[in-house]
């Protein structure tokens, strides 16, 4: 079984002038991948889609 190629994106609120100060996200049906744009070839955080949704709801409730 092959690993699908991840397509990374960052927030439209990220400044295009400083390319290294962003969090990038890639999605698959089952997982969300998060990495630091300054170090794209180092470790990345991978979480279940349901956990990511719960995290975003919690953040939204406390802003």
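A quick yes/no check of all residues on (1) surrounded by 10 or more Cβ atoms within 10 Å (Cβ to Cβ); (2) assigned to a strand (DSSP E or B); (3) in contact with a strand residue (DSSP E or B) (Cβ under 6 Å, 6 or more places away or on another chain); (4) at pLDDT 95 or above:
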residue	(1), (2), (3), (4)
16	no, no, no, no
24	yes, yes, yes, no
32	yes, yes, yes, yes
35	yes, yes, yes, no
43	no, no, no, no
47	yes, yes, yes, yes
51	yes, no, no, yes
54	yes, no, no, yes
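Here the stretch 5-14 is the region considered, the condition is being within 13 Å of the chain's Cα centre (by Cα) and either modelled with pLDDT of 85 or more or in a strand (DSSP E or B) (or both), and the residue that is surrounded by the fewest Cβ atoms within 10 Å (Cβ to Cβ) is 7.
The values are calculated or read from the model by the stated rules, or taken from the named source; none is laboratory data. Quantities reported herein were computed from a predicted structural model and do not represent experimental measurements. Cβ atoms come from the backbone with ideal geometry, glycine included; neighbour counts cover every protein chain shown.
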